[in-house]
Each structure stands twice: as C-alpha cells, then as structure tokens.
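The values are calculated or read from the model by the stated rules, or taken from the named source; none is laboratory data. Here the structure is a predicted model, which is why all the values come from computation and not from measurement. For neighbour counting, all protein chains shown are included, and Cβ atoms are generated from backbone atoms with ideal geometry for every residue, glycine included.
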Amino acid sequence: MIEHIDVSVVDWSRAQFALTAIYHWIFVPLTLGLSFIIAMMETIYVRTGMEEWKKLTKFWMTLFGINFAIGIATGIILEFEFGTNWSNYSWFVGDIFGAPLAIEGILAFFLESTFVAVMFFGWNKVSKKFHLISTWLVAIGANLSALWILVANAWMQNPVGMVFNPDTARNEMVNFWAILFNPVAVDKFLHTIFSGFLLASIFVLGVSAWFMLKNREEWLSKRSILIAAVFGLASSLMVAFTGDSSARTIAEVQPVKFAAFEAYYDGSKNAELVAFGILKNSDKQIGDKKVKDFVFRIGIPGFLSVMTKGDKDAYVPGLNQLVIEGSDKGEYLSISQKMERGREARNALIKYKRAKMLNDKVEADVLLNEYFRNKKFNEDYFRYFGYAFLKAPEDAIPNVSVSFYSFHLMVILGFLFIVVCALSLLMLVRGTLMNNRWFLRIILISVPLVYIASESGWVLAEMGRQPWIIQDLMPVNVAVSQISAGSVMATFILFAVLFTALLIAEVSIMVKQIKTGPKQ
Amino acid sequence: MKLNIPFVSKLISFYYDGFRNMSAWGKKVWLIIIIKLFIIFALLRLFFFPDFLNRKFENDDQRSKYVLENLTNSNIADD
C-alpha cells in the first residue's frame, strides 16, 4: 500500500503535471483574449464596411489560428496523468469532475471547434453577419471551456457540494450549483479570463509596437493599439479587482496559503501588507520548520487587515497561529486540532470498512448513520480527513518563498500592465506614441513579462496549496499511484521535448507571419 | 429523418474548399496538429499512460476496495 510508495514518484509526478500545465497555459490565455479582440475588430469591419478592418481582422486571426492549433489537445495530457499518476485522487474525486468536464466537452468544445472552421474557411462562403456571429461564438465557446475547467480546479481548492461515500471511496455530487457557484470558482474564473484578455491585449500591443519600431503598418498598428489598449486597460483593472476579491476568498478558505504568499508569520491587528520584499534564510521557525524571513521589505500598515476583514484594526492570524497556536476565541482550528479531527474521520472509515469485511450489517448501518450520513460529522470531522495523513502540523505549510515571490511578481507586473495600457492609449490619442521609441520597447518587453505574470498566478495557486491535491481532504502523497519513478521521469523528458518543439514551432510560425504582415 | 442533401453537399464542399485553398501557414499548422495528435493519442495514451486502476482491476468494486485500503492503511511517504 502507500507506505511502499517512493517519494520520488510524488515529486516526478508533480513535476510532470507542473510542466504539462505550464506549457498548456502558454497557449490558453492568448486564445481566450485574442478571440474577443478579433471579434471586436470584425464587428467594426461589419459596421463600417471598411476593407482595412477586414485586413486587420484577418491578420490577427492568423496569429490566433496558429496559437489555437498548436495549443489544441495539450490539455488532454493532464487528464491522462490523472488516470496514470494520480489514480487514488482520480477515484476519490468521483463524479465531481464528470459533470463540468462533460458540459465543457459537449457545449463549449463543439461550439468552439465548429465555428472556428467558419472563421477561417467562411470569409467568402457565408454572409458577413453569419461570419461575425461565428467569430463571437468562438470567443464565447473558448471562454466557456475555461469556465468548466476552472470550476473543477476550484473544487480542488475548496471542495463543496459533495458527500463522501465510504462504500465506494468516492465523493458524490449532491449540489451542482454549490460547485458551480463555489466562491473560489467565481473568483478564479473571472480573474483567469480577465488575465487572458490582458495577456492578449499586451500581445497585440507588443506586435503593433514592433511594427511601429520598424516603421511599418502604421494604420494597422494604430487601430490595433487603440482596441488593445482600451480592452487591456479595462481588463487589467478587472484583473486587479478580481484579484483582490480572490485574495479575500483565499484568506477565508485557504488561510495557510494566504499567510504563506504574504510570508506573514505572526498574527496582529493593523496587519501590514508587504508590497515588496526580499526573503533570506533565517533562524525563524514555525513549529520545527525553519522559514525564510525578510531581509528587506516595503509594507503598507493595516492594508492586510483591510484586505481580509475590511477593517484596519481587525486581527489577521499568521502562520504561527494558523499552524501551531490556534485561536483563543475558537475562530479557527490549529493544524494539530485538524489532525485530530482528521484521524477521527479516518478511524470512522476504518471501523466501517472492518464492519463491512466481517459482513456485520447492523454495525455498518450504525456507523453509517453515526458518521457518514451525519451532517455534523461531515462538516466538523470528515472535512479534515486529509490531515490524518500529516505527520506534523508543519507539513501543512507550503513553500513560503515560492508562494511569496510568485504572488508579488504577479501583482507588481499586473500594476505595470495597467500603466502600459493607460500610457499606450494616452500617447496614441496625443499622437506621440510612434516617436516614443523607448516606450515602444517597453511595450515589446511586456509581452514575455505578461506570460511570466500569467504563469506566476498558476504557480501561486498550485504551489501555495501544498501539501493538498484536494484542500484538507487529500495530500499529494496519498493521491499518487504506485508506479515507478523511472517511468514518470521518462515521460517527463518526453513531454519536455514535445512541448518545447511545439513552442518553437508556434513561435517560429508566428514570427514569420508577423514579419510577413497583413495580406491584401 | 430525411437527409437534406443540398445542405450536406454544401457542408462537404465548404470544408473541401477550405482545406484545398489553405494558406502555407495553415498547411504547416495542420501537419503539426496531425503529428501532435498521433503522438498524444497513439503513442502516449497507449504506451505511456494506461489508466492505473482500469489496468490493475477488473471492476469498480475492486477499485473501491483498493483505494479504501490506501485511505485507511497508509503511512504517508516522507517529503
């Protein structure tokens, strides 16, 4: 059983999943955002009838097509990995993912894939209006696809709307709407799609800035910048707004993750938000675990209290309180207390399993009613089931440095993009953008930076919730399959080669098309 | 159900013409798609990513028992 699992299987499986997800996410956000930008451009073409707008739409559609085609099906590998590397998890999740992913497959994927053909093949075959509707449907379909995947991911961050069936060892959906409107899902969906819109806007700005630097395609560049800057500015503000809301939700449902990405160790009133900081090795400890502490930081006093509780004098617990000390007022449990409850939940499962093995139906029924059909047991004990697998409270602390830097990098870059979009718009309106070559270069540099920010968001989301694969219910080392580390390592290398080749292909085809420019 | 022949024929010619008149980048991208799908479904899925529980057990009852055993008997591996 699990005691024989090699730790390196866990590490390699995690590394493989991270690699696949990171590469997959290179392609996705551009599809999410560029589809809407193209739809807006085509709408202007249909309304004005100006052929230049058609040319412009077709140019960006070409880049969209390259990205869409290269990225397609890269996400399916993640599903393969669930079945092979994460079999305990896949089984335990039960039918929770079934409904969202089935809806994604039927509704969104077919909507998207059917109308993509009209987008590319239908210019002279269908009416202008039908073509325009198809373009909008591709954009809506792509974003609907993202919704269902993000709903599934949000459930892993905050499992709701299900009950555990001890007979099948699976979770069963009891409330679809609770899963769909999970606060984490709502925040995650909005934050993710707006970040995709922002990424695509920066991409369009970057390519247009390159044309301006080369003194080419002035008409195309100016119109593209106008649309991308307005769309990007609105999206970047929404990213900031939904990010704030997301942080507040995380503080509530994943408080350890929240404290980790702020490197916030000791709770206080008027808690300070670190705007910028550098961590280094220190003697500081949370329980028996050494953590890095600030060598330098710029903080905003009271802002963390305002952000989490809406009151600058509110008390915000740090990692020490959340993990070791607990709350004097019983507002939250320490990890030790959660571990005790998790063990009780597991003992109940052991007793039930034993009763079933002995074919003692009376005892099994009593246990079912006492525990697994008891709402209070599920809410107060089974929800901490995963803590039974922790050896020490400190095991519940994620990597603070990775969480802190990925969060702060994402936020700092996010603010930079607000400035980039706003200044691009301002300079364009004033007619000074083409002469500001230093700013055009900044726009160009923003293209790789926006990808880094976007990936950082996922690094934070996934690394920050360690050790959990399903928050509070299942740690990663229980979720993994009993397979050899060697086979996972081999496929890791295979993926690294495959995805790198795909990325090189995408970039080279795209660069060639950009250099070619719009066709007549 | 009666098949609408003119519509089907239009649909076929829509895709046929679309693929036939595809640009150079489109052809290149389609080649990449086909190679990629072959690698993903014919190589990776078949040879490297069998479903662990489906391969090891015959039915859901056995799979349930196995996972339940892991959830109740496990001593987790050290990180």
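Among the residues of the range A:129-140, is there at least one that is under 23 Å from the mean Cα position of the chain (by Cα), of a type outside the set (Ser, Thr, Tyr) and either surrounded by fewer than 22 Cβ atoms within 10 Å (Cβ to Cβ) or within 14 Å of another protein chain (Cβ to nearest Cβ) (or both)? Yes. Within the group A:326, A:310, which residue is at pLDDT below 90, exposed (fewer than 14 other Cβ atoms within 10 Å of the Cβ) and not aliphatic (A, V, I, L, M)? Of the residues listed, the single one that is at pLDDT below 90, exposed (fewer than 14 other Cβ atoms within 10 Å of the Cβ) and not aliphatic (A, V, I, L, M) is A:310.
Of all the criteria given as (1) touching a helix residue (DSSP H, G or I) at 6+ places or on another chain (Cβ under 7 Å); (2) more than 12 Å from chain B (Cβ to nearest Cβ); (3) closer than 30 Å to residue A:357 by Cβ, the one not satisfied by residue A:169 is (2).
The number of residues in the range A:83-100 being among the aliphatic types (A, V, I, L, M) and at pLDDT 75 or above comes to 2. Could you check, for the range A:329-337, whether at least one of its residues is without any contact (Cβ under 8 Å) to a residue 40 or more places away in the chain, touching a helix residue (DSSP H, G or I) at 6+ places or on another chain (Cβ under 8 Å), closer than 14 Å to residue A:269 by Cβ and away from chain B (no Cβ under 13 Å)? There is no residue in the range A:329-337 that is without any contact (Cβ under 8 Å) to a residue 40 or more places away in the chain, touching a helix residue (DSSP H, G or I) at 6+ places or on another chain (Cβ under 8 Å), closer than 14 Å to residue A:269 by Cβ and away from chain B (no Cβ under 13 Å).
How do the pairs read when you match residues in the range A:405-425 that are over 13 Å from residue A:202 (Cα atoms) with residues anywhere that are hydroxyl-bearing (Ser, Thr, Tyr) and crowded, with 19+ Cβ neighbours inside 10 Å, using Cβ under 7 Å and keeping only pairs 6 or more apart or on different chains? Note: pairs meeting the criteria are A:406/A:456; A:409/A:456; A:410/A:456.
Only one of the listed residues (A:110, A:92, A:115, A:68) is among the hydrophobic types (A, V, I, L, M, F, W, C), out of contact with any Asp or Glu (no Cβ under 8 Å at 6 or more places or on another chain), crowded, with 20+ Cβ neighbours inside 10 Å and within 23 Å of residue B:42 (Cα to Cα). That residue is A:68. Checking each residue in the range A:24-58 for being under 22 Å from residue B:26 (Cβ atoms) and either within 12 Å of chain B (Cβ to nearest Cβ) or of a type in the set (Ser, Thr, Tyr) (or both) picks out A:27, A:31, A:35, A:45, A:57, A:58.
Taking first residues from the range B:18-46 that are of a type in the set (Phe, Trp, Tyr) and partners that are surrounded by 15 or more Cβ atoms within 10 Å (Cβ to Cβ), the Cβ contacts under 7 Å between residues at least 6 apart in sequence or on separate chains come to B:25/A:62; B:25/A:66; B:25/A:509; B:25/A:513. Across the range A:484-496, a minimum of one residue is classified as facing chain B (nearest Cβ under 10 Å), touching a Leu at 6+ places or on another chain (Cβ under 7 Å) and closer than 29 Å to residue A:465 by Cβ. One residue stands out among those in the range B:17-69 that are outside any helix (DSSP H, G or I) and facing chain A (nearest Cβ under 7 Å): the one that is surrounded by the most Cβ atoms within 10 Å (Cβ to Cβ), which is B:49. Summed over the range A:394-420, residues that are within 14 Å of chain B (Cβ to nearest Cβ) and either of a type in the set (A, V, I, L, M, F, W, C) or part of a helix (DSSP H, G or I) (or both) total 4. Considering A:341, A:297, A:373, A:383, the condition of being closer than 26 Å to residue B:66 by Cβ, within 29 Å of the chain's Cα centre (by Cα) and either away from every other protein chain (no Cβ under 12 Å) or modelled with pLDDT under 95 (or both) is satisfied by A:383 alone.
Residues are listed down the side, and each one gets a yes or a no for (1) out of contact with any Lys or Arg (no Cβ under 9 Å at 6 or more places or on another chain); (2) modelled with pLDDT of 95 or more:
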| position | (1), (2) |
| --- | --- |
| A:140 | yes, no |
| A:145 | yes, no |
| A:153 | no, no |
| A:168 | no, no |
| A:176 | yes, no |
| A:187 | no, yes |
| A:211 | yes, yes |
| A:223 | yes, yes |
| A:229 | yes, yes |
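Criterion applied to A:69, A:15, A:21 was being of a type in the set (A, V, I, L, M, F, W, C) and within 8 Å of another protein chain (Cβ to nearest Cβ), and the one residue passing it is A:69. I'd like to know if the range A:307-321 contains one or more residues that are in a helix (DSSP H, G or I), in contact with a Lys or Arg (Cβ under 7 Å, 6 or more places away or on another chain) and more than 15 Å from residue A:400 (Cβ to Cβ). Yes, that holds for at least one residue.
Of all residues in the range A:421-464, which are surrounded by fewer than 23 Cβ atoms within 10 Å (Cβ to Cβ) and not in a helix (DSSP H, G or I)? Within the range A:421-464, A:431, A:432, A:436 qualify.
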